[in-house]
Amino acid sequence: MYMKDTKEIVLFFKDKQDFSPLDVSKELMGRYPELGEPIILPDNGVTKAPLVLFNTNSDFQMQISRISLNFVVNHTYFKKMAAIIFDIVDAFESFDAHFFRLGYISSIFFSPNYIEKAKKRFLNMDNLEGIQDFHISWYKELENSCGVINCWERAITDHLDFPDLLMQYDFNSPIDIDVDFEMKYIKEFLKTTDEYIEGRTDF
């Protein structure tokens with residue numbers, strides 16, 4: 001595992017939620033002081049525009065808009081993911097703001113010597129001699145006891161920005177099903193997705 005590996009969680013609000021950015025910021029700071037001081041932006045009515053940014057701690061960053069909350073963590077927090085998700089859901093429910101959908105993006109960097117292994121695994125090199133970079137992706141559905149999980153898998157190289165092989169796994173719950181954010185569901189979702197990642201990154 002590289003130190004630069006990250007995991008991102010996206011929690012999608014059910015409808016447009018009318019919470020106070022200042023109030024939720026104070027609540028989150030009380031639960032996670034390491035987030036640091038937030039930047040609270042004016043509400044200009046654009047639902048996708050960020051209202052709150054916590055970006056002073058590179059280990060744990062968060063962005064909140066009227067449609068979603070995203071947080072990105074490094075390896076320091078990987079084992080705490082389920083508890084953080086459950087805690088954030090609880091914090092917003094105290095303001096009568098509710099989530100209905102869960103997304104999870106895991107970005108894993110492999111050293112440059114894995115690039116050739118990825119080419120042999122994912123590409124027909126007889127027809128692609130001389131390529132420098134690639135960005136390939138595919139979609140499948142995973143199933144567990146809690147239902148279906150959408151899964152996009154990506155293999156990426158970009159020698160101008162980073163020398164490594166990036167394997168990225170983007171999961172989310174179906175858009176037409178409301179997630180019950182009980183700890184059992186959160187743990188089962190993360191268990192299924194992490195087991196899939198582990199199986200797919202065994203080069």
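The values are calculated or read from the model by the stated rules, or taken from the named source; none is laboratory data. As the structure is a computational prediction, the values presented were derived from the model and not from experiment. A quick note on method: Cβ atoms are made from the backbone with ideal geometry, for glycine too, and the neighbour counts reach across all protein chains shown. When the accessible area is computed, the model is the full protein with side chains, heavy atoms only, and any ligands, DNA or RNA have been set aside. Shrake-Rupley method; radii C 1.70, N 1.55, O 1.52, S 1.80 Å.
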Descending packing, highest mean Cβ count within 10 Å first, for 108-114, 183-189 is 183-189, 108-114
Using a 7 Å offset from the Cα along the Cα-to-Cβ direction at both LYS191 and ARG154, what is the distance between the two label points in nm, to one decimal? 2.9
Suppose a student asked you for the relative contact order of segment 140-203, using Cα pairs under 8 Å spaced at least 6 residues apart; what percent would you report? 29
Positive end of the dipole of the chain, charges at C-beta (+1 Lys, Arg; -1 Asp, Glu), about the Cα centre: which of THR76, LEU35, PHE203 has its Cα farthest in that direction? PHE203
By accessible area with a 1.4 Å probe, ligands and nucleic acids excluded, highest first: order of THR6, THR157: THR6, THR157
Can you pull the percent of segment 1-134's accessible area that's carbon plus sulfur, 1.4 Å probe, other chains left in place? 52
Among (1) 1.00; (2) 0.95; (3) 1.04, the entry matching Rg/Rh (Cα atoms, Kirkwood Rh) as calculated here is (1)
What percent does the relative contact order of segment 1-68 come to when contacts are Cα pairs within less than 8 Å and at least six residues apart? 32
Using the Kyte-Doolittle scale, find the helices of the chain whose mean hydropathy is at least -1.0 and whose Cα atoms extend 20 Å or more along the helix's long axis, counting only whole DSSP H runs. 183-200
